[in-house]
Amino acid sequence: ACIQLAPIQSLYHWQGEVCESEEVRCTMKSSKPMQTKLVAAIQESHPYDVPEILVVEITDAGPDYEAWLLEQLTHGK
């Protein structure tokens with residue numbers, strides 16, 4: 001339904017070293033049925049060996065926002 005992109009500065013350990021890099025945080029708003037496809041697409045196209053993929057389940061949302069989200073996910077079907 002929506003993707004948000006935000007530049008971030010990351011510090012992390014990788015292969016025994018402390019690394020620093022500019023990255024882009026990508027937040028995708030979708031549905032549980034699309035989760036497997038989205039995760040697979042990220043893993044296939046991401047340049048990192050181990051991309052950070054976090055799935056956050058939304059248990060509650062404002063009614064207007066929830067209606068908009070559902071409309072975007074079913075639009076054209």
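Here are the numbers for the structure shown:
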read-out: Criterion (under 14 Å from residue 2 (Cβ atoms) and charged (D, E, K, R)) met by exactly one of 44, 52, 71, 57; value: 71
read-out: Residue tally, condition part of a helix (DSSP H, G or I), of a type outside the set (S, T, N, Q) and surrounded by fewer than 12 Cβ atoms within 10 Å (Cβ to Cβ), over the range 42-64; value: 3
read-out: Candidate set: the range 6-41, residues that are out of contact with any helix residue (DSSP H, G or I) (no Cβ under 9 Å at 6 or more places or on another chain) and assigned to a loop (DSSP other than H, G, I, E, B); chosen: the one most open to solvent (accessible area, probe 1.4 Å); value: 15
read-out: Within the range 22-35, considering residues that are modelled with pLDDT under 95 and more than 11 Å from the chain's Cα centre (by Cα), the one nearest to residue 72 (Cα to Cα); value: 31
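The values are calculated or read from the model by the stated rules, or taken from the named source; none is laboratory data. What you are looking at is a predicted structure, and each value in this text was computed from that prediction instead of being measured. Because the Cβ atoms are built from the backbone with ideal geometry, glycine has one as well, and the counts that use them run over all protein chains shown. Heads up: the accessible areas ignore ligands, DNA and RNA and are worked out on the full protein's heavy atoms, side chains in. Shrake-Rupley method; radii C 1.70, N 1.55, O 1.52, S 1.80 Å.
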